Amino acid sequence: MSSGETKLSQVLLIPSSGMGHLNPFVRLANALSDRSISISLLTVRPTITAAESRLLSSLPSSLLIDFPLAPFDPSLFPESSDPVTLRWEAIRRSAHLLPSLVSTLSPPVSSIIIDITIASTFLPVSVASNIPCFVFFISFASMLALCSVSPFVPHPICTDVKIAGGVLNIPYSSIPPPLRDPNHLFATQFIENGRALTLANGVIVNTFLALEPELLAAFNAGEVVPGFPPVIALGPLPLEKKLPSSPSPALRWLDEQPEKSVIYVNFGSRSAMSIEQIRELGAGLEMSGCRFFWVVKTAKVDREERAVQIEELLGEGYVKRVEERGLVVREWVEQDFILVHRAVAGFLSHCGLNSVMEAAAAGLRILAWPRGGDQRVIAASVPSSGLGIWPENWAWEAEERVVAAEEIAVKVREFMADEKLAETAAKLGAAATAAVQEGGSSDQSWRYLITKL
Ligand code: UDP
Ligand code: UDP
């Protein structure tokens, strides 16, 4: 992102909170900037995670605008302990402060792009201010479908949800757990945001036509929700191409591994596993006999990651025993570069939207192990698109079942030996590349978006 050249439109981007939201917003900002759109990014500080703070510090400060929030009392939501959802709420409740801030900006703002999680309050404000407003939906079109029909289905959701006459069927077992709870803050936000979507000038989704063809067609034919704004599928957003000045030891370790030999294991920026499940996973990876690179997380927020030694988690001697073919780390790693590393052959992933899109863009096969939130809805597209496999009986965070080491070992071995899967994933990667090339479906969406901004 640079701030020097003459640009056409002035677009204000308003992300919410969480690395899974800031990362795609920064990629969108970069992609807009590459298309001669001038951008500013509204930021709320201090950020919840250290990773967000590092990412913001890496951007030119001239692009960042501070957004001081209205006073917010989290104790109003005693049932919600997730700091990210609470931050979404604090931002949502500060929408009335936007017009006065926008009025001070020069050149004047021509459009706004907001995060889905703050849509219900920011969309009416931008409509009242007469500024076109697009929503960036931070998940797949399948989750967008659930969000957009959520105001029209009984709550809490206690059955399967059928969308567009069966174009998509989301089984009850995949419904995000908070939506099954009538008092959950996430559920209230989700329904209110879903209801407000019809006010948007368009909904941007980091997906591509070949990944969700029928559903994207149904959306734009008005079959999901009548009168729904255009759904602009412009993925995959480009990944970071500039290697960090000091690559992590993890990347150096990968450099020493044979071609296509390693399974990369990472459950994203905010999924923590129980110690018991971590131990079974550790034993499973060891038993599988495969080379692995595993990022272990025990806390949802990185600043709270306890300084527990890996030995304490996995037992004395684990690291030494596996060192010939396994690397275990506890810190943030450069996933953009890992997924395209020549040594990496597969990805054991929690199926956060970004991780799945990044793997699709890299044509890298996924072994899906969704942990919560929208991850089962997203995981469903892993087998259906040929990107990978999903052992659906593997438990998610809210369940008590612990998946045993033996089960993990067998599946990892099978997955890594599956050459057919490697081929179908590579094919999807080629479709992702074609989508963003000139004339491809995402390229056309980009052209449409640029004319509207
Ligand atoms: N990520 C990373 N290094 C890590 C963990 C995560 O670069 O060690 C990035 C990952 O590439 C993705 C984002 O953080 O862009 C996580 O978003 P995702 O939607 O996959 O999952 P979430 O963290 O929101 O659950
Ligand atoms: N979401 C939504 N509407 C909302 C809040 C969330 O559609 O009001 C979607 C959004 O795509 C988000 C996803 O639900 O990414 C899952 O939220 P989760 O709590 O798992 O957090 P995230 O992984 O996004 O940080």
Dividing the alpha-carbon Rg of the range 327-453 by 2.2 N^0.38 Å yields what?
1.17
Before I look further, what does the chain give for accessible area per residue, probe 1.4 Å, in whole square angstrom?
41
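With the Cα gyration tensor of the range 3-52 in hand, convert its eigenvalues to equivalent ellipsoid semi-axes via √(5λ) and list them largest first in whole Å.
Over the Cα atoms of the range 3-52, the semi-axes work out to 23, 10, 8 Å.
Using the Kirkwood radius over Cα pairs, work out the Stokes-Einstein diffusion coefficient for the range 60-174 at 37 °C and 0.692 mPa s, in µm²/s as a whole number.
D = 196 µm²/s.
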Across the chain, how many lysine pairs, 8 or more apart or on two chains, come within less than 18 Å at their alpha-carbon atoms?
5
Scaled by the rule-of-thumb 2.2 N^0.38 Å, the alpha carbon Rg for the range 249-431 gives a ratio of 0.95
Rg over Rh of the chain, using C-alpha atoms and the Kirkwood radius, what does it come to?
0.95
The range 249-431, dipole about Cα centre (Lys/Arg Cβ +1, Asp/Glu Cβ -1), debye to the nearest 20
280
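Given that compact globular proteins tend to follow 2.2 N^0.38 Å, what is the ratio of the alpha-carbon Rg of the range 42-91 to that value?
1.29
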Stokes-Einstein D (µm²/s) once Rh is taken as the Kirkwood radius of the range 400-453 over alpha-carbon pairs, at 20 °C in 1.002 mPa s
149
Debye calculation, C-alpha points only, no solvent: report log10 I(q)/I(0) for the range 258-346 at q = 0.15 Å⁻¹, in the same order as the q values.
-0.56
About its Cα centre, the range 1-90 carries a charge dipole, from +1 on Lys and Arg Cβ atoms and -1 on Asp and Glu Cβ atoms, whose size in debye to the nearest 20 is 340
Portion, in percent, of the accessible area of the chain that falls on carbon or sulfur, probe 1.4 Å
54
Centre separation in Å (Cα based) which lies between the range 227-247 and the range 36-101:
21
Debye, to nearest 20: dipole size of the chain, +1 on Lys, Arg Cβ, -1 on Asp, Glu Cβ:
860
Distance between the C-alpha centers of the range 364-392 and the range 403-453? Whole Å please.
11
Report the one residue of Val328, Leu251, Val308 whose Cα lies farthest in the direction of the positive end of the charge dipole of the range 239-348 (charges on C-beta: Lys and Arg +1, Asp and Glu -1; origin at the Cα centre).
Leu251
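The values are calculated or read from the model by the stated rules, or taken from the named source; none is laboratory data. Note that the structure is a prediction, hence the values are computed from the model and not measured. Note: ideal-geometry Cβ built from the backbone for every residue, glycine included; neighbour counts use all protein chains shown. Protein only, heavy atoms only, side chains kept; ligands, DNA and RNA dropped before computing areas. Shrake-Rupley method; radii C 1.70, N 1.55, O 1.52, S 1.80 Å.
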